[in-house]
Structure formats: C-alpha cells, structure tokens
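The next block holds one structure in the form of structure tokens; read it before the comments.
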Amino acid sequence: MSKPRPILSKLRWLVPALYIVFLLLPIYWLVSMSFKTTSEILGGFTLWPNRFTLENYAKIFADPTWYGGYINSLIYVVINTVVSIAVALPAAYAFSRYRFLGDKHLFFWLLTNRMAPAAVFALPFLQLYSAMGLFDTHLAVALAHCLFNIPLAIWILEGFMSGVPRQLDDTAYLDGYGFWRFFLRIFLPVIAPGVGVAAFFCFMFSWVELLLAKTLTSVAAKPIAATMTRTVSISGYELGLLAAAGTLTIIPGAIVIYFVRNYIAKGFALGRV
Amino acid sequence: MDARIENQKGWLLVLPALALVALNAVIPLMAVVNYSVQETFSSNLFFFEGVKWFEQVLHSERFHAALARQLAFCAIILAIEVPLGVAIALAMPRRGPWVSVCLVLMALPLLIPWNVVGAMWNIFALPDVGMLGRTLKNLGIDYNYTQQPLAAWATMIAMDVWHWTSLVVLLAYAGLSAIPDAYYQAARIDGASSWAIFRYVQLPKMRRVLTIAVLLRFMDSFNIYTEVLALTGGGPGNATTLLSIDLVKIALGQFDLGPAAAMSLIYFLIILLLSWVFYTVITRGEEAR
C-alpha cells in the first residue's frame, strides 16, 4: 500500500531544526546587542559586536536598583512556587480520589481563575494588598500569583495522581498507614515527576508575569522586568543596557529548564494532563 | 466506572487552596462589580448608577473595535500555532540525545518575562537597527512596524508564534510519546499510510493534550497585554490596541473606574463563555466514546 518515502523521512529533522533556528534568532540578536556599545548599535548594522564590551553588564552589577530586581523576582517566584505546590497537593489528591459535594463545579471555578485577565484585577489587587498592609512586599506578589498558579498546579497534579492506581492507597491504608504518613512517604515519591512539572509551570508563570508584580510593588520588592521598563523611560534609549538586562532574565529560566528537561517529556506523558 | 469514593473529607483537603484563590479572586471581583455600577468623584464619593456603564460599553464603537481586533488575533494565532506545533512534534525524534536538546531549546521562549519578549522583538524588528527589519529592507520590502498597521500586526503575530508555539509542541509531543509502539506495529501490519496513522492513531491519542493546548492558548492570547504593549504600545494609532490594552488605558490612564470595571466584567464573561463552550464541546466528545 504505502511506500516508505526515504527522502522525506530523512529530511524530517529539518522541521524542528528550522523551528529552533527561528527561535534562536531573536535571542541571538538580544545577546549580541548586549555586548555592543550604544554608539555601535545606533551607528550602523553589525551582525556581531565589532567592539566587544562588557560595559552594559558592569553597569547592571554595579547598581543595586538593577541587581536587586533579580533578587526580588527570585524571592517572590520561589515563595509562590512553594506555596502553590503545598496547597495544590492535598487539593489535587481530593479531586482525584474523592467525590464530594460540588466537586466538579469547584474544579471548574478554580480553572476559571486561570482565565482571569490580569488587567481586570490590577487595580482591585492594589487596593486589597494595600489594605492588608502588604503593598510592596515579596509576599504580596507571591500571594497574588497564586490566583493563576494554584489552579494550574491542581490541574496538572490531578492528572498525574489519577494515573496512579487506587490500589496503592488502599494497600497502604490496610497496612496501617495514616493519611499524612501515606501521602508524604509513599504517594509523594510516586508522583514526583508531576510535582516537577507543576513546579516548573508555577515558576514559569510567576517569573514571566509582570503586570501584577509591577502594580503591587514600588521600590522594596520591584521585579527586574519592571526595573527595565522604568529605566528605559528615564535614561532614554539605551538599547545595549536593555539587551543586557533582558539577557540576564533568560538565565534563571534556562537553568530551570535544564533541571526538568527529562520530566517535561516523560512527566506529561505519565500524567494524562 | 468512577473509581472515586464518596468522601466529604475532600473539602478539608481543598480548603487551603480554596482560601488562597478565593482571597485573590472573590474580593477583587466584588470590588470590580462594585465599581461597575457606580460613578466616582475624587476617588471616595460614589453614586449608584445601575447598568449605565454596561450600556455605554456595549454600545461603544471603541469597545467593538478592540473586541474585533482581539478575536481576530486569537483566531489567527490559534490557526497558526496549533497545526504548526503538532507538525513540529510529529517531526521530532522519539528517542536519543537530540530529544533533550530539542526540548530545552524549544522551552526557552516560554521562560522569558513577557515584557522582555516584547522588548526583544522590538529590538529585533527595528527598521534600521534590528536584524529582521534590516533583512527585510535589504530584500526590498518596505517594512516599518512603528508606522504601518499591517507590519505591526505581522510582527505581533510572529512574536506570539515565536513565544508560544513551543507550548503546543511540548504538549503534543508528550501526547505522542504516550502512544505504545504496539499501535504503530499494528498500523504497519495493516499497511496504513502515514496520513491514516496520523488520523486514526496519533490524533485521537493527542486529543486530551491538544484540548489543554487549545484552551491555554486561547485564554492566554485573549489576555495578552505585556508583550504587545512592549512591542508596539498599541500603535500605530490604535491598530494593535487589543482589549486588555484598551482596558488599562481607560482604567489607569483616564481613571474612568466605572466604565473600566464594566468593561472588565464583560471581558471576563466573554472569556468564561468561550472557554466553557470549548470545554463542554470537548468533554462531550470524550463521554460519547
């Protein structure tokens, strides 16, 4: 019936390869620009830096308002990831194992919060967190990001947990394990890949979100990405500095991907996400 | 059928998550509802206005235009990203060292802060200084996204495809690698063409992950704000002023809380409604099987 088409199947790798080239071009441009001087950027078009300079990076690491932004971002992202996973784990277990009053509605309601446009909530959030006295703290941003990260974490974890047969729970309970001991000692290791994937997504969405993070902070907890927009408008058009700051924001993400690289493919496949 | 057992203890386990989400969802939402029916003077005097703002927003041409742009944007990026993502996932190697390399490189755009994505494409596409702008100019194409609406749209869509296709690829790839080899062997014995394998083996198995991909992409593209703001600022003119950008302009720029709140609610309801339609259509299909 169907003849194997050797030429076509040999060229298959071209599709992902071309796609990756497309992905890397803008990133390359950003990185190469971060090593150029402002005069070289505005003076003409050069594919790679002619006069290689670390000046832009030096500026960032010398100025606390710059590097403080990275620390702020990392603090609230980590708090958010830990909190989201911690409360999502028991909730996801409940959704995957128990039937209770209104569970389906509750699940869908949780998911609707994943759809809430941040732009809609920006102003009320500002008022809410000011009223609680949390304005301009890392905790405020971390809690605000729970709005979309907890539903997402529950969604992902529920998928993984439903892939684990119930017999595991029943056997453990018969063996005299209490709920929490079973959950922490037996169940958690089994769904470790799921926790990895969920943590990856929480980290990702908290790290990249800016609108709420910017609204809820002014100085003490200002995220790096917001520092970038402010500095651009104040100090004019310093493309090199902007590019250097942008390049540095890619690094934490790249590190996280490296650690979860095996989980991303396997993890999704295991859970019925 | 349903392996779950009836146990109201479930509520206890859900409670912490529920409390945190409710804090962030219910209170601000009530504040928005509150604003949407009132007139504000000097930020602390309020007068009840009923549904006036809702009528005003629903009849405003500005809102219609922003909504039309928003829907067009969502439709275009879904039409490009979902088939492209599936095609790339199909062409990816199934095993071997290249899998990790592909996945790590492809996931990279997903972890870049959204305004950096916008700023990066802004730099990349600048007419004279940027790589893309310069290349197009050398090819003889008149391209300037800061002045031409069409170029601005093309840049915005290219940016979104660059940013988010990988999510579809990751999900589709996960769905594909969950298919046991036995399925392919059976298909080969039956002499199925590669199209038939795709249509009757791979596509049904990817159904669930593709549902998630489509839903996530729809919600996020409908909410898109930061990237477009950093890229074009909504311009030239209002050409790329999507719903959320318009909303923030009204709420924080002009401080018209009432109309902004009414618009927020309408906006949120549209997302809810469309997501619910997707969700029911897909889950109904699942139950029918």
State all residues of the range B:137-161 that are of a type in the set (S, T, N, Q), in a helix (DSSP H, G or I) and at pLDDT 85 or above; if no residue qualifies, say none.
-> B:155
Residue B:173 passes all but one of (1) aromatic (Phe, Trp, Tyr); (2) more than 7 Å from chain A (Cβ to nearest Cβ); (3) crowded, with 24+ Cβ neighbours inside 10 Å; which number fails?
-> (2)
Report, ordered by the first and then the second residue, all pairs with beta carbons closer than 7 Å, sequence separation of six or more or different chains, a first member in the range B:221-239 that is in a loop (DSSP other than H, G, I, E, B), and a second member that is modelled with pLDDT under 80 and of a type in the set (Gly, Ala, Ser).
-> B:223/A:118; B:225/A:118; B:225/A:119
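Looking only at the range B:1-36, which residues are over 30 Å from residue A:167 (Cβ atoms) and β-branched (Val, Ile, Thr)?
From the range B:1-36, those over 30 Å from residue A:167 (Cβ atoms) are B:19-36; that's our starting set.
Within the range B:1-36, B:21, B:26, B:27, B:32, B:33 meet the criteria.
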Go through the residues of the range B:208-231 one by one and say whether even a single one is charged (D, E, K, R), surrounded by fewer than 19 Cβ atoms within 10 Å (Cβ to Cβ), over 16 Å from the mean Cα position of the chain (by Cα) and more than 10 Å from chain A (Cβ to nearest Cβ).
-> no
Inside the range A:87-105, can you point out the residues that are of a type outside the set (Lys, Arg), within 7 Å of chain B (Cβ to nearest Cβ) and over 22 Å from the mean Cα position of the chain (by Cα)?
-> A:93, A:94, A:98, A:100, A:101, A:103
Give the range A:123-154 a look and list any residue that's among the small types (Gly, Ala, Ser) and more than 27 Å from residue B:279 (Cα to Cα), or say none.
-> A:130, A:131, A:133, A:140, A:142
Search the range B:109-138 for residues that are more than 7 Å from chain A (Cβ to nearest Cβ) and in contact (Cβ under 8 Å) with a residue 12 or more places away in the chain and pair each with any residue that is of a type in the set (Asp, Glu) and buried (at least 19 other Cβ atoms within 10 Å of the Cβ) when their beta-carbon atoms are under 6 Å apart and the residues are at least 6 apart or on different chains.
-> B:117/B:227; B:118/B:227
Within the range B:66-97, track down each residue that is surrounded by fewer than 14 Cβ atoms within 10 Å (Cβ to Cβ) and out of contact with any Cys (no Cβ under 9 Å at 6 or more places or on another chain).
-> B:68, B:72, B:75, B:79, B:83, B:94, B:95, B:96, B:97
Residue B:164 under 30 Å from residue B:68 (Cβ atoms), touching a Phe, Trp or Tyr at 6+ places or on another chain (Cβ under 9 Å) and outside any loop (DSSP other than H, G, I, E, B) | no
Please determine, by comparing only the residues of the range A:38-86 that are within 14 Å of chain B (Cβ to nearest Cβ) and in contact with a His (Cβ under 7 Å, 6 or more places away or on another chain), which one is surrounded by the fewest Cβ atoms within 10 Å (Cβ to Cβ).
-> A:79
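If I go through the range A:161-219 residue by residue, how many of them are of a type in the set (Lys, Arg) and either exposed (fewer than 13 other Cβ atoms within 10 Å of the Cβ) or outside any helix (DSSP H, G or I) (or both)?
In the first step, residues of the range A:161-219 are kept if they are of a type in the set (Lys, Arg); the result is A:166, A:181, A:185, A:214.
Now narrow it down to the ones that are either exposed (fewer than 13 other Cβ atoms within 10 Å of the Cβ) or outside any helix (DSSP H, G or I) (or both): A:181, A:185.
Total satisfying the criteria: 2.
The values are calculated or read from the model by the stated rules, or taken from the named source; none is laboratory data. All values reported here derive from a predicted model rather than from experimental measurement. Quick reminder, even Gly has a Cβ in these numbers, built from the backbone with ideal geometry, and neighbours come from all protein chains shown.
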